[in-house]
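Worksheet for the structure shown next.
Taken together, the values in this text are just the output of simple stated rules run on the coordinates, not laboratory data. Everything numeric in this text was worked out from a predicted model, so none of it was measured. Ideal geometry is used to build each Cβ from the backbone, glycine not excepted, and the neighbour counts take in all protein chains shown.
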Amino acid sequence: MDKKLLEKCKQRLLEEKSKILERYFEKEETQQRLGEESKEPRDWEDIGQITYTEELLDSLSQVEMATLKEIDYALEKIDKGVYGICERCGEEIPEPRLCVIPWTRYCAQCAEEVEKESGTFMPYYGIDMYSPDNIQVEREDIGEA
Ligand SMILES: [Zn+2]
């Protein structure tokens, strides 16, 4: 995959993640509870490493939460060098699609197929896979009540 495009997609992923997290920060004003690493939400590298607390997860909508998981998953794929490949047919996902949905797992055609098969309305968000029950919560930084 083209290195420039890869960098662009990575930036977009981190931006999207940052946007979702910043909405939470603004809403709750509990930024300090998320620990040292998140005090500068615009630091892209730190955004990649942020810890999800229970409070954070509680405040997000299901779609936001699912999107965060998909973004992390996509970032992981970038690290592993498998980003931008459709998980269903193994073909490269076209650049215009990646620019619109940088965390997508499938090419447009496969996304349609997966949607038909699974019956979910947003297959690439992985709504079914990432129900709140399946999300592991790090509690280290919020302490037991
Ligand atoms: Zn495909």
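Annotations for the structure displayed:
- Taking other C-beta atoms within 10 Å as the exposure proxy, R12, R88 rank R88, R12 from fewest upward.
- Rounded FRET efficiency, nearest 0.05, which uses the C-beta distance separating S59 from M1 and R0 of 30 Å: 0.30
- Cross-link pairs K4/K80; K4/K116; K8/K77 - those with Cα-Cα distance over 23 Å: K4/K116
- Per-pair calculated FRET efficiency, R0 = 25 Å: Y73 and C99 via Cβ, rounded to 0.05: 0.90
- Proximal charge balance of P102 [Cβ under 15 Å; K/R count +1, D/E count -1]: -1
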